[in-house]
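This report refers to the structure that appears directly beneath it.
What follows is calculated from the coordinates using simple rules that are stated; it is not laboratory data. What you see is a predicted model, and the numbers here were worked out from it, not measured in a lab. All Cβ positions, glycine included, derive from the backbone under ideal geometry; neighbour counts span all protein chains shown.
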C-alpha cells in the first residue's frame, strides 16, 4: 500500500491524500492557513496614519504622479516628469525661489537676488569670484588665477542667459591714472582668457576702477594682494 500527501493553497486549509490509488479529501488544521475570505479588506499599506484618506486598498491617495502621497504633498498638482523634493514640490537646487524646471540659471550663487527666470539681477556681483590676484604691475593671467577663473567659467556655462561685466581693481601703489589703465588691462586679460575657454566674447564687457573700492586695507602686502582683483557683475 502506498500513500502520498499534498496540501492545497494555504487559503483552502484542505489537504489531499492518495491511498493506494484512492483519492481522499480531508480538512486539516494547518499552521498559518486561513479560511477562504479571511483577510479580505486588509490594507496593503498598513503604515498609513489614522485619518488619512485612502483608496480601496487602504493606501494614501496620489493626485499627481510624483510618488509623494497627498497628505505629504505640498504641491499636489505637479506636472508629470518634473523632479520633486520630499515635500512633493519641484526641486530648487540653488535655493533661489525658482523651481529647477523654470530656472534659466540653476546654479545661481547663494544669496544673489534673482529675476523671474531665476537669474541674478542686473548689478549683482557673483560672490564666489572675488580675490583674484595679479603680480604687481602685471596684467597677465597667472596659473593660480586661471584655477580660480575655472569656477567662474563653470558658472557662466551653467547660466547662459546672463552677461557679465569684468571689473578690474588695483592696490593703492601708483597714481590714479596709472591704476585705472592697469585695472582695465587686467580685466581685458581675464576676458580674453575666458574667451579661449569657450565663453562668448559678446557676453563679457570690461571696466577698470583702479584703486577705488578696496576690499581691505592697503597697509599690508597681503591686503594689497586682495585688492588687486577682478569682479564679475551681472549686466
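Worth pointing out:
- Segment 127-234 pair-distance distribution - Cα-Cα, 5 Å bins, rounded %: 2, 14, 26, 26, 17, 10, 4, 1
- Residues of segment 58-74 falling in the label zone of residue 43, defined by backbone nitrogen less than 15 Å from a point 7 Å along Cα to beta-carbon, are 58-62, 69-72.
- Working ranking of peptides 169-178, 186-195, 99-108 by packing, defined as the average number of other Cβ atoms within 10 Å per residue, highest first, is 186-195, 99-108, 169-178.
- For segment 59-109, diffusion coefficient by Stokes-Einstein and Kirkwood Rh (Cα), 20 °C, 1.002 mPa s, µm²/s: 188 µm²/s
- Cβ-based exposure ranking for 75, 119, in which fewest neighbours within 10 Å come first: 75, 119
- Simple spin-label estimate for residue 151 and residue 62 gives 4.1 nm between the two label positions (7 Å along the Cα-to-Cβ direction from each Cα).
- Neighbour-count order for 213, 143, fewest beta carbons within 10 angstrom listed first: 143, 213
- Over segment 127-234, relative contact order from alpha-carbon pairs under 8 Å, at least 6 apart, %: 39 percent
- Which of 211, 74, 147 has the fewest Cβ neighbours within 10 Å, and the rest in rising order: 147, 74, 211
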